[in-house]
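Quick notes on the structure that follows.
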Amino acid sequence: MNFNPKITIIIPVYNGSNFIKKAIESAINQTYKNIEIIVVNDGSTDNGKTEKIVKTFDDKIKYINKKNGGVASALNEGIKNATGDYISWLSHDDEYLPQKIEKQIDVINNLADKNTIIFSNFELINEKDQKITTTNFTKNISKEKLCQGIYPILKGCVNGCSTLIAKKCFEEIGYFREDLKTTNDYEMWTRLFNKFQSYFIEEPLIRYRIHENQDTNKNPAYITESNELWKNIINSLTKEQIESWNLEEFNVYMTLYIQMKNSKFNEAADIAYKKAQEIYLKNVPKISIAMPCYNASKYIFTAIKSILEQSYCNFELLVVDDNSEDETLSLVQEYSKHDFRIKVLNNEFEKGVSGAMNTAIKYARGKYFTRMDSDDISIIDRLEKQINFLEEHKEYKVCSVNISMIDEFNNVYNDSVYPDSKIPHEWTFMWTNPIPNAPCMYLFEIIKDNNLQFSNLKTAEDYEFLSHIITKTKVYMINEPLYYYRHTSNSLFNGNIKETFRNSLDISKKYFKEVTQNQIPPYYDNLTYFMNEDCEIINEDIKVVNRFLMDTANRYKNYFNWTEEEYNLVIDSIPEILERYVILKTGIKQFEPTAQNQASKLSSIKRLIKKVIKYLKENGLKKTIKAIINKIIT
């Protein structure tokens, strides 16, 4: 059957001489040809400029000139005069891409319900036709959810000019409300999407223009009408409706509260907030977020704000003050008055970050537990992506995210700190800290069931905490930098680097013993990234080290039930460990310190290794060493 319905494109215009020509041309140039174009001049007062341009198109369009009544009245006039089966709206300052109608008709042709509303992504352009960006609504929202009732309207994903709507739909639910000057479009979409099915096309089909002459936001009725619109939408939502979208009721209302607050629709924001609070107090939060803080007044507002504005909202933020001597506590207490999800606690254990974290564990109620340092920043969808992963992959009970490094002025100087690797974390955990610990999200039952607490270490306490968990579950890192880790000269890590390396090496050794039940070889320190000035460089035969690594890999395979693929990835990583060790040994021979600085020969291992690597590259020894190692292994 040849599906070739007639399409009516309606272009309402008021004083639009600046862009109307391009809009009409984009309608005429559609690849789908069974169309009529109705231009409705809504009483322009520009001395005939708009009308003069429109009339140059003669019989290519149908022209209606009416008394000014607003865009809703112009659209209604167009719909009443339309002879098409489907209606497509085009604002006078926007443009259709050439295949807009054709692609939408192709979709409808394959749908059983021909009254399905079609909408799409769109390009944003400026006054000079330069593209600013392109929407990508399915990046964070599934296509399925975008086609569920009024959900896409709640998320701001419906651009009226991207739609194609059967004329029968308007005949059934009525026309645009002409008493509304700024929200008539959203009010119409709410009625339409509540009543009819929808279908989202991921490809952008229109060009939506942003320019200073847009008058919606300037209209004095904008705030009043928007408040009324969103109050009606919020009050009309039902628990059954939200659950049919497979969404959490609290999360929907809290997200709406944030949207309304940011848009300055305060009356609607208050309603959403009260509904969210009522649901929250009757239930337990999904995530408990620990924020230990000590003298954190400089950055804590930014840190808290990044959590409160998360796309996933169902959490409690446990801010644990560690006896701050500045205004941190009073600031946090003030913040807590404006958001019921913030709970302020005092450290009930030994002073330090471990005691603060243990206080948070004591009071946590969530299904999941994570941390947020008081000087860091979480990207808006960090929590959502972590919880979605853990909910969908039950074999994992820990999920971290990659991090970016920022300085004290929020400048990013390392976009993605942790390398993307498929090698099992259980293996790399011996030699280094394989995933960012600060943003780790844990299934809280694994903490409770094993009575886990943070040990009283000044640094590396998070690495030690993870060491107790990594033997009990698979851990995962989302390889997206969703957490900004702040590095400052007076940070806890910077002030205790030596202690951090010592603690980390001790943790690594305990972990090795727990898994293998073997004694630690004297050269173990040299294989890790935790070497420090206390470590002696042991000149062991490379064959002995290789046998140790191969034997350890087999023991780990049995302990963690690795697949063959995982095991092979570990075996393939062994040459790199050996190479690092050989370079270290070679460096001792090539750069033996003189008698004058013998006393400090191990005080700068990091600088020594740098010199060795540079020397090896310049002299070709690195390639030779690799060849020797490969020969030994094979």
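The values are calculated or read from the model by the stated rules, or taken from the named source; none is laboratory data. The model shown is predicted, which means the values in this text are computed figures rather than measured ones. Heads up, the Cβs are rebuilt from the backbone with ideal geometry, glycines too, and the neighbour counts pull from every protein chain shown.
Observations on the model:
- If you go through the stretch 383-397 and keep only what is in contact (Cβ under 8 Å) with a residue 24 or more places away in the chain, among the charged types (D, E, K, R) and assigned to a helix (DSSP H, G or I), you end up with GLU384, LYS385.
- Positions within the stretch 362-382 being crowded, with 19+ Cβ neighbours inside 10 Å and in a helix (DSSP H, G or I), in sequence order: ARG382
- Top-ranked residue in the stretch 6-42 [being farther than 17 Å from HIS92 by Cβ and out of contact with any strand residue (DSSP E or B) (no Cβ under 6 Å at 6 or more places or on another chain); ranked as surrounded by the fewest Cβ atoms within 10 Å (Cβ to Cβ)]: LYS33
- Test set (1) touching a helix residue (DSSP H, G or I) at 6+ places or on another chain (Cβ under 8 Å); (2) without any contact (Cβ under 8 Å) to a residue 24 or more places away in the chain - PHE170 fails condition number: (2)
- Residue match in the stretch 325-343 (condition: touching a residue at least 40 places away in the same chain (Cβ under 8 Å) and under 30 Å from LYS155 (Cα atoms)): yes
- Looking at the stretch 227-340, the helices (runs of 4 or more DSSP H) lying wholly inside it that each contain 1 or more residues that are surrounded by fewer than 23 Cβ atoms within 10 Å (Cβ to Cβ) and not assigned by TED's automatic domain parsing to the domain that holds ARG486 sit at 239-244, 249-262, 266-282.
- Only listed residue being within 19 Å of ASP462 (Cα to Cα), buried (at least 18 other Cβ atoms within 10 Å of the Cβ) and modelled with pLDDT under 95, chosen from VAL398, VAL353: VAL353
- Listing of strands (runs of 3 or more DSSP E) fully contained in the stretch 398-489 that carry 1 or more residues being in the same structural domain as GLY366 (by TED's automatic domain parsing) and among the acidic types (Asp, Glu): 474-486
- Those strands (runs of 3 or more DSSP E) lying entirely in the stretch 82-139 with at least 2 residues within 24 Å of ALA166 (Cα to Cα) and either touching a residue at least 60 places away in the same chain (Cβ under 8 Å) or not assigned by TED's automatic domain parsing to the domain that holds LYS22 (or both): 86-89, 117-125
- Residues in the stretch 40-67 that are part of a helix (DSSP H, G or I), among the basic types (Lys, Arg) and touching a helix residue (DSSP H, G or I) at 6+ places or on another chain (Cβ under 7 Å): 1 in all.
- Looking at ASP407, ASP415, ASP376, ASP420, just one residue is under 17 Å from the mean Cα position of the chain (by Cα) and modelled with pLDDT under 95, and that residue is ASP415.
- Residue count for the stretch 346-368, restricted to those that are in contact (Cβ under 8 Å) with a residue 12 or more places away in the chain, farther than 13 Å from VAL319 by Cβ and of a type in the set (Phe, Trp, Tyr): 1
- The condition of being crowded, with 18+ Cβ neighbours inside 10 Å, over 19 Å from the mean Cα position of the chain (by Cα) and over 29 Å from ASN561 (Cβ atoms) holds for THR459.
- Sole residue being closer than 25 Å to ILE387 by Cα, without any contact (Cβ under 8 Å) to a residue 40 or more places away in the chain and among the basic types (Lys, Arg), chosen from LYS239, LYS286: LYS239
For (1) of a type in the set (A, V, I, L, M, F, W, C); (2) not assigned by TED's automatic domain parsing to the domain that holds ARG191, each residue gets a yes or a no:
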position: ASN2; (1), (2): no, yes
position: GLY16; (1), (2): no, no
position: ASP42; (1), (2): no, no
position: ILE61; (1), (2): yes, no
position: SER73; (1), (2): no, no
